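One structure below.
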There are 2 protein chains.
Amino acid sequence: MTLPVEPVDVEGLRTRVHKALDDLLARQADVLESASEDLVPLMDAVSDLLRGGKRLRAAFCYWGWRGAGGDDCDGIVSVAAALELFQAAALIHDDVMDDSDTRRGRPAVHRRFASLHRGNGWLGPPEDFGLAGAILAGDLCLSWCDELYAGADLPPDRLAAGRAVFDRMRTELMCGQYLDMLEQVLASTSVERARLVILFKSAKYSVQQPLLLGGTLAGAPAGLLSTYDVYGRALGEAFQLRDDVLGVFGDPTATGKPAGDDLREGKRTVLVAVTLERCSPASASMLRRDLGDRHLDAEGVARLREVIAGSGALDVVESMISEQSERAISALEPVSEPARSVLERLVVAATSRTQ
Amino acid sequence: MTLPVEPVDVEGLRTRVHKALDDLLARQADVLESASEDLVPLMDAVSDLLRGGKRLRAAFCYWGWRGAGGDDCDGIVSVAAALELFQAAALIHDDVMDDSDTRRGRPAVHRRFASLHRGNGWLGPPEDFGLAGAILAGDLCLSWCDELYAGADLPPDRLAAGRAVFDRMRTELMCGQYLDMLEQVLASTSVERARLVILFKSAKYSVQQPLLLGGTLAGAPAGLLSTYDVYGRALGEAFQLRDDVLGVFGDPTATGKPAGDDLREGKRTVLVAVTLERCSPASASMLRRDLGDRHLDAEGVARLREVIAGSGALDVVESMISEQSERAISALEPVSEPARSVLERLVVAATSRTQ
């Protein structure tokens, strides 16, 4: 793969997605403020989280639309922004379930509400308040996501057609998260099961479904949708594998998450599963013992990194990423310009990223 | 008020709402089963919860439509069923936030997933798994609620008009739940604040907004919508005040919740606020001390019941319920038959209920 690792030229799109989100938040702030000023922290938690993010899902949705001959318009930007709200909901609830401390370099939303409680010396355990605040903030994002989708300025019959993808995406993500959780409590070491979780929790949701949504909204023919399907599955898997590598080897200043966070959370990733297949019995025991240890220190993380890299699993996963990236790029042949070039560059952006 | 306390004749509607929900669940089961059989417990948790419920919100939505001249049709039944899914989501997440044990006479959804974990001897704390399962089950209900609404067989312009009510209802309920939680951690004793929470968490959401949604979908004129508004606010408050009384004095076999559950959860209801205004300083200290005590036994509950009834607060709240019920019935004058009679009977059903 010789494409340059350059930022995808979606700066215009990013700005427009931000604006769509800002407009929605301003409307919601009116609703909340008319109820009670006590709701300001709820609004702020959502607004702050939405400021960050790579906006990759928005880009896939927009370029799926353009690639199918859809003209640039504000309606598709609203749908792209709706996906960012859905992602925010998923992150807020996911962080509660994983009991994560940070997200996008800031305290996770449930930690934020716990701090608010603690700072005010309110009654009861701050963690309970944090949990409740985060559940409600996530619920608001789910509802607002839907509001943006339904209110998008696109022909009603196109929005209705896109529903099939939009609805399935939401259901499948939640199912993927359930399966992910199940893998952790089953302490599964199966590469096959780990790839199934990736498929539902990430591959479909991060790339394939946003792209298919854009394409379906634009009325793409079946042939193009199946091109999107192949590209989306391949790149989606590569995207998640990159996430898994970053979750162990990533730089905290870039990822916004503590180093080795996935190890402490006991994530059953493909990277871990491949390591367990390849490393010595002694290393496997150590990995099994330390995985999911909330108090694992920097030395412990470094030790596990050595096991993972030393087993060759890191190389195996990097090869998987390259292979799937190439498959994604090859699939793009039937897509017309300029969408094709942007989707090619999005492969690089999604897999060579450091955050 | 001399109306007989008879079951509202919405049996036909109940059956049709059940059918709309069953059809949706069958479609979703196909999606889940095609992903993994491990998802069966997630599906079952939602299905079982949806079997129960008084379907009052569905009835208000349907009769709001009929009262505005809407013809009986399946489309409005789908929207009514969507409200039941939203209610299920709210209950699942609310039970997590309140750490409730039971709902509709069965274990709360998070308890159910914790038991599944425990029964299988899975890794980690069962409570963490329970929490995650319940968050995801609630998220699925939110998404499916939206799916039912958007897919309802009604003219697109009517569905688009109803969105304003549907969207605001969802946002305001979540805000109401946040304010409710805040009252608990602030240990607020203000009757005024307790009534604000009722307004957003319950009055608007349980009666007024479903009714306005039905009316708006049918294209009701402004005059009728303002009639619905008055009826809805008054009955909504009475409805919640009845809930508060049942939360302290209700029969567990009817409510499906342990006796005095609201006392253990430390709910800052109007009933509690009025008691604190009226009772002796010694009783007030006891009430303040015991309210929110998770381990309060039957004797403790009986003691608090005596304080609440003895202070006259129970009578005050019963008078408020009667007063608001009468206000609701008076407001109905401009509504045409048969909707008017049904809405009158719904006042009795919503306020004289034992569950």
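The values are calculated or read from the model by the stated rules, or taken from the named source; none is laboratory data. Just so you know, these numbers come straight off a predicted model, no measurement behind them. All Cβ positions, even for glycine, are placed from backbone atoms using ideal geometry, and neighbour counts span all protein chains on display.
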Residues being modelled with pLDDT of 95 or more, of a type in the set (Gly, Ala, Ser) and buried (at least 21 other Cβ atoms within 10 Å of the Cβ): count how many of those fall in the stretch B:205-231. 4
Taking residue B:115 and the conditions (1) within 25 Å of residue A:182 (Cα to Cα); (2) of a type in the set (S, T, N, Q); (3) in contact (Cβ under 8 Å) with a residue 60 or more places away in the chain; (4) assigned to a helix (DSSP H, G or I), which numbered condition does it fall short on, given that it satisfies the others? (3)
Exactly one condition in (1) more than 27 Å from residue B:184 (Cα to Cα); (2) more than 9 Å from every other protein chain (Cβ to nearest Cβ) is false for residue A:168; which is it? (2)
Being of a type in the set (Asp, Glu) and touching a residue at least 24 places away in the same chain (Cβ under 8 Å) is the filter here; which residues of the stretch A:31-59 pass it? A:48
Scanning the stretch B:232-257 residue by residue, the ones that are surrounded by fewer than 23 Cβ atoms within 10 Å (Cβ to Cβ) and among the hydrophobic types (A, V, I, L, M, F, W, C) total 4
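Could you grab me the full set of residues in the stretch A:223-271 that are among the β-branched types (Val, Ile, Thr) and under 17 Å from residue A:199 (Cβ atoms)? Even if it seems obvious, please write down each step before you answer.
Of the residues in the stretch A:223-271, the ones among the β-branched types (Val, Ile, Thr) are A:227, A:230, A:245, A:248, A:253, A:255, A:269-270.
Passing the criteria: A:230, A:269, A:270.
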Failed criterion for residue B:207 (all others in (1) part of a helix (DSSP H, G or I); (2) touching a residue at least 60 places away in the same chain (Cβ under 8 Å); (3) within 14 Å of chain A (Cβ to nearest Cβ) hold): (3)
Among the candidates A:129, A:60, A:166, which residue alone is assigned to a helix (DSSP H, G or I) and touching a Pro at 6+ places or on another chain (Cβ under 9 Å)? A:60
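State which residue is farthest from the chain's Cα centre (by Cα) when the search covers only the stretch B:258-275 and only residues that are more than 22 Å from residue B:200 (Cβ to Cβ) and surrounded by 20 or more Cβ atoms within 10 Å (Cβ to Cβ).
Initially, the stretch B:258-275 is screened for residues more than 22 Å from residue B:200 (Cβ to Cβ), giving B:258-260, B:263-264, B:275.
Subset that is surrounded by 20 or more Cβ atoms within 10 Å (Cβ to Cβ): B:260, B:263-264, B:275.
Values: B:260: 18, B:263: 18, B:264: 19, B:275: 24 Å.
If we take residues in the stretch B:258-275 being more than 22 Å from residue B:200 (Cβ to Cβ) and surrounded by 20 or more Cβ atoms within 10 Å (Cβ to Cβ), then B:275 is farthest from the chain's Cα centre (by Cα).
Name the single residue that is farthest from the chain's Cα centre (by Cα) among those in the stretch A:276-291 being of a type outside the set (S, T, N, Q) and in a loop (DSSP other than H, G, I, E, B). Reasoning before the result, please.
First pass over the stretch A:276-291, keeping only residues of a type outside the set (S, T, N, Q): A:276-279, A:281-282, A:284, A:286-291.
Checking the rest, the ones that are also in a loop (DSSP other than H, G, I, E, B) come to A:279, A:291.
Numbers: A:279: 30, A:291: 22 Å.
Top of the filtered list is A:279.
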Residues (closer than 13 Å to residue A:67 by Cβ and in contact with a Phe, Trp or Tyr (Cβ under 8 Å, 6 or more places away or on another chain)) located in the stretch A:221-255: A:232
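If I filter the stretch A:93-112 down to residues being within 13 Å of another protein chain (Cβ to nearest Cβ) and assigned to a helix (DSSP H, G or I), which single residue comes out as farthest from the chain's Cα centre (by Cα)? Even if it seems obvious, please write down each step before you answer.
Taking the stretch A:93-112 as the starting set, the residues that turn out to be within 13 Å of another protein chain (Cβ to nearest Cβ) are A:93-100, A:109-110.
With assigned to a helix (DSSP H, G or I) added as a condition, the list becomes A:93-98, A:109-110.
Values: A:93: 12, A:94: 10, A:95: 12, A:96: 15, A:97: 15, A:98: 15, A:109: 16, A:110: 18 Å.
Selected residue: A:110.
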Quick check on the stretch B:156-165. Is at least one of its residues in contact with a Gly (Cβ under 9 Å, 6 or more places away or on another chain) and more than 27 Å from residue A:167 (Cβ to Cβ)? no
Any residue at all in the stretch A:297-308 that's within 15 Å of residue A:183 (Cβ to Cβ) and within 27 Å of the chain's Cα centre (by Cα)? no
Given the options A:136, A:142, name the one that is crowded, with 22+ Cβ neighbours inside 10 Å, in contact (Cβ under 8 Å) with a residue 60 or more places away in the chain and at the interface with another protein chain (Cβ under 10 Å from one of its Cβ atoms). A:136
Restricted to the stretch B:32-74 and to residues being closer than 21 Å to residue B:333 by Cβ and of a type in the set (A, V, I, L, M), the residue surrounded by the most Cβ atoms within 10 Å (Cβ to Cβ) is B:59
Criterion violated by residue B:189 - all others in (1) out of contact with any Lys or Arg (no Cβ under 9 Å at 6 or more places or on another chain); (2) modelled with pLDDT under 95; (3) outside any helix (DSSP H, G or I) satisfied: (1)
Has the stretch B:173-196 got any residue that is within 12 Å of another protein chain (Cβ to nearest Cβ) and closer than 18 Å to residue B:60 by Cα? yes
Within the stretch A:35-57, can you find the residues that are within 14 Å of chain B (Cβ to nearest Cβ) and either within 14 Å of the chain's Cα centre (by Cα) or in a helix (DSSP H, G or I) (or both)? A:35, A:37, A:38, A:39, A:40, A:41, A:42, A:43, A:44, A:45, A:46
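Among the residues of the stretch B:259-275, count how many are of a type in the set (Ser, Thr, Tyr) and assigned to a helix (DSSP H, G or I). Even if it seems obvious, please write down each step before you answer.
Taking the stretch B:259-275 first, the residues of a type in the set (Ser, Thr, Tyr) are B:269, B:275.
Now restrict to residues that are assigned to a helix (DSSP H, G or I): B:275.
Looking only at that region, the number is 1.
Yes/no per residue for (1) in contact with a strand residue (DSSP E or B) (Cβ under 7 Å, 6 or more places away or on another chain); (2) modelled with pLDDT under 95; (3) within 24 Å of residue A:167 (Cβ to Cβ); (4) among the charged types (D, E, K, R):
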residue	(1), (2), (3), (4)
B:5	no, yes, no, no
B:24	no, no, yes, no
B:29	no, no, yes, no
B:52	no, yes, no, no
B:57	no, yes, yes, yes
Output the residues belonging to the stretch A:292-313 that are in a helix (DSSP H, G or I) and either within 14 Å of another protein chain (Cβ to nearest Cβ) or in contact with a Leu (Cβ under 7 Å, 6 or more places away or on another chain) (or both). A:301, A:304, A:307, A:308, A:313
Quick check: is even one residue across the stretch B:306-320 more than 20 Å from residue B:351 (Cβ to Cβ) and crowded, with 16+ Cβ neighbours inside 10 Å? yes
Tally the residues that are closer than 22 Å to residue B:109 by Cα and in contact (Cβ under 8 Å) with a residue 40 or more places away in the chain, restricting the search to the stretch B:254-283. 12
Of the numbered conditions (1) buried (at least 23 other Cβ atoms within 10 Å of the Cβ); (2) over 16 Å from the mean Cα position of the chain (by Cα); (3) farther than 26 Å from residue B:217 by Cα, residue B:190 fails exactly one; give the number of that condition. (1)
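Can you tell me which residue is modelled with the lowest pLDDT among those in the stretch A:321-355 that are acidic (Asp, Glu) and assigned to a loop (DSSP other than H, G, I, E, B)? Working first, answer last.
At the first step, the residues of the stretch A:321-355 found to be acidic (Asp, Glu) are A:323, A:326, A:333, A:337, A:344.
Among the residues that remain, those that are also assigned to a loop (DSSP other than H, G, I, E, B) are: A:333, A:337.
Numbers: A:333: 93, A:337: 89.
Here the residue is A:337.
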Select from the stretch B:119-131 the residues that are more than 30 Å from the chain's Cα centre (by Cα) and either surrounded by 14 or more Cβ atoms within 10 Å (Cβ to Cβ) or on the phi < 0 side of the Ramachandran plot (or both) and list them in ascending order. B:119, B:120, B:122, B:123, B:124, B:125
